[in-house]
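Data block below; observations after.
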Amino acid sequence: MLPAAVSDTDPAIDPLSAVTHPDPYPYYRELATHRPFFRDQRLGLWVAAGAREVAEVLSHPECRVRPPAQPVPPVLAGSPAGDLFGRLIRMNDGAAHAPLKGLLMPMLATIDASIAAHRAAALAELLDADTALSAGRINGFLFTLPVVTLADLLGLPVAVDRATAAAAAGHVAAFAAAQSPLADANAVQAGADAAQWLGNWLADAVPAAGPLPSLHQAARAAGIDAQAVSANTIGLLVQACEATAALAGNTLLHLGRGTVRAGTAPEVLAAQVAVLDPPVQNTRRFLAADARLCGHDIKAGDAVLVLLAAASCIGMADGKRPWTFGHGRHACPGDRLAQALAGATVRALLARGADPAALARAFRYRPSLNARIPHFC
Ligand code: HEM
């Protein structure tokens, strides 16, 4: 069962607090239907909530992933975390990053989802500490298994032993957490240390198998800087971290509440939960120039909060893709893989005795302005 119904007039809810609200969906549905595009004066943001408006913003040429005057968040600028951030294709628009993106996307497409699921099952054995399956261990699994599996599929030496796997996943999570506007000084410092660690790890790693050697070769031939390739390899792990943990965690929650059918393959459940309770609830765009957007005149520098989870209340993008994976130029290329990895993580936890009903009785959402990530207590 869902928590006690919350009215769509709940005064405590707004487009940012909705992310970690017990049940934001009546509110999102109300916005998508009656306020598909509006200015939230208090938050200082335009808000796109209707499916058509979300698609329009994400396809508009003047809507960029970073404020044009601020390619790197000021708290990260000048640190190893800032250097890494500035090289990510996810965080850049424009021609300079197109050649690398043109190599990374087909590389990801070569990773077979069912091979990924098998590999995740094998790596779950490696991560097994033979201790009782506490809530803490379940949280650890959610943040470790998908990232370690992706690193392994790329050919990185992560499956050496449990400590190496945990260290790699821990540093990826620390770098991901430092990007949040909610990160405090300690989290930002941990992100900088993590970026340094990950850079060194990748520099020392000699991928013998997997797609990385041919990616590096193709990048060299195209004159692409090796550091950009390494940064974006780390970027893939970062993209896979919080969102996949959220998808797996939310799948466990819905199993526990009985809102999805027990006994269904976890990969199928993850695909359902991606629509029902989206792990990534929103993304942002920043206007590079004055533009007419969704019937409004928007000024250069204005920010638009794009409510993927609101659009999700009334269908799928292009009729077939969960909105949580984005749309347009920066749509997630890891969607199928993410569902396979989340499903495999749920499968591994159920096989080890995780009890979804008990988990659904004791959890909170991690503080976040865009991802809905359960933390089991
Ligand atoms: C449940 C898990 C995931 C969700 C919900 C998710 C969602 C998203 C979203 C919403 C975006 C677009 C962000 C924006 O432009 O504002 C995105 C981009 C991206 N995702 Fe995912 N993602 C997930 C897992 C993954 C995984 C496993 C990978 C890698 C294998 C991945 C790789 C990427 C990359 C490379 C981009 C940037 C694309 C670009 O810059 O054009 N994601 N993802």
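The values are calculated or read from the model by the stated rules, or taken from the named source; none is laboratory data. Everything numeric in this text was worked out from a predicted model, so none of it was measured. Here the Cβ positions follow ideal geometry from the backbone for every residue, glycine too, while neighbour counts run over all protein chains shown.
For LEU269, are the conditions met, namely being over 30 Å from LEU154 (Cα atoms) and either surrounded by fewer than 17 Cβ atoms within 10 Å (Cβ to Cβ) or more than 8 Å from the ligand (Cβ to nearest atom) (or both)?
Judged against the criteria, LEU269 is not a match.
Restricting attention to the range 281-297, which residues are in contact with a Lys or Arg (Cβ under 8 Å, 6 or more places away or on another chain) and either within 12 Å of the ligand (Cβ to nearest atom) or small (Gly, Ala, Ser) (or both)?
GLN281, ARG285, PHE286, ALA288
Can VAL148 be described as in a helix (DSSP H, G or I), within 18 Å of ALA228 (Cα to Cα), β-branched (Val, Ile, Thr) and within 15 Å of the ligand (Cβ to nearest atom)? Spell out the reasoning first.
On the way: in a helix (DSSP H, G or I): yes; within 18 Å of ALA228 (Cα to Cα): no; β-branched (Val, Ile, Thr): yes; within 15 Å of the ligand (Cβ to nearest atom): yes.
When the stated conditions are applied, VAL148 does not pass them.
Looking at ALA113, ALA124, ALA120 in this structure, which one is away from the ligand (no atom under 16 Å from the Cβ), farther than 30 Å from CYS294 by Cβ, assigned by TED's automatic domain parsing to the domain that holds LEU182 and touching a Leu at 6+ places or on another chain (Cβ under 7 Å)?
Going through ALA113, ALA124, ALA120 in turn, the sole match is ALA124.
Check the range 336-355 and report whether any residue there is touching a strand residue (DSSP E or B) at 6+ places or on another chain (Cβ under 7 Å) and modelled with pLDDT of 95 or more.
Looking for residues that are touching a strand residue (DSSP E or B) at 6+ places or on another chain (Cβ under 7 Å) and modelled with pLDDT of 95 or more, one finds none in the range 336-355, hence no.
ARG347 is checked against (1) within 18 Å of the chain's Cα centre (by Cα); (2) within 16 Å of the ligand (Cβ to nearest atom); (3) within 27 Å of ALA135 (Cβ to Cβ); (4) not polar (S, T, N, Q) and fails just one. What number does that condition carry?
Looking at each condition in turn, ARG347 falls short on (1).
Return the pairs, sorted by first residue and then second, in which the second residue is acidic (Asp, Glu), the first residue lies in the range 333-359 and is buried (at least 20 other Cβ atoms within 10 Å of the Cβ), the beta carbons are less than 7 Å apart, and the residues are 6+ apart or on different chains.
Partner pairs satisfying both residue conditions: GLN339/GLU267; ALA340/GLU267; GLY343/GLU267.
State the number of residues belonging to the range 51-101 that are outside any helix (DSSP H, G or I) and without any contact (Cβ under 8 Å) to a residue 24 or more places away in the chain. Give the derivation first.
Keep residues of the range 51-101 that are outside any helix (DSSP H, G or I), which gives 60-79, 88, 92-94.
Then keep just the ones that are without any contact (Cβ under 8 Å) to a residue 24 or more places away in the chain; that gives 61, 70-72, 74, 77-78, 94.
Selection size over the range 51-101: 8.
Hey, does the range 228-242 have a residue that's among the charged types (D, E, K, R) and away from the ligand (no atom under 16 Å from the Cβ)?
The answer is no, given that none of the residues of the range 228-242 is among the charged types (D, E, K, R) and away from the ligand (no atom under 16 Å from the Cβ).
In this structure, is LEU88 surrounded by 15 or more Cβ atoms within 10 Å (Cβ to Cβ) and under 21 Å from the mean Cα position of the chain (by Cα)?
yes
Limited to the range 122-135, what total is found for residues that are modelled with pLDDT of 95 or more and either surrounded by 15 or more Cβ atoms within 10 Å (Cβ to Cβ) or within 21 Å of the chain's Cα centre (by Cα) (or both)?
Residues in the range 122-135 being modelled with pLDDT of 95 or more and either surrounded by 15 or more Cβ atoms within 10 Å (Cβ to Cβ) or within 21 Å of the chain's Cα centre (by Cα) (or both): 3 in total.
Sort through ALA310, ALA300 and tell me the only one that's assigned to a helix (DSSP H, G or I), more than 14 Å from the chain's Cα centre (by Cα), more than 12 Å from the ligand (Cβ to nearest atom) and in contact (Cβ under 8 Å) with a residue 12 or more places away in the chain.
Going through ALA310, ALA300 in turn, just one is assigned to a helix (DSSP H, G or I), more than 14 Å from the chain's Cα centre (by Cα), more than 12 Å from the ligand (Cβ to nearest atom) and in contact (Cβ under 8 Å) with a residue 12 or more places away in the chain: ALA310.
Each row is one residue, and each column tells you yes or no for (1) within 18 Å of ALA169 (Cα to Cα); (2) touching an Asp or Glu at 6+ places or on another chain (Cβ under 8 Å); (3) part of a helix (DSSP H, G or I).
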| position | (1), (2), (3) |
| --- | --- |
| GLN217 | no, no, yes |
| ARG220 | no, no, yes |
| ILE224 | no, no, no |
| LEU253 | no, yes, yes |
| GLY263 | no, no, no |
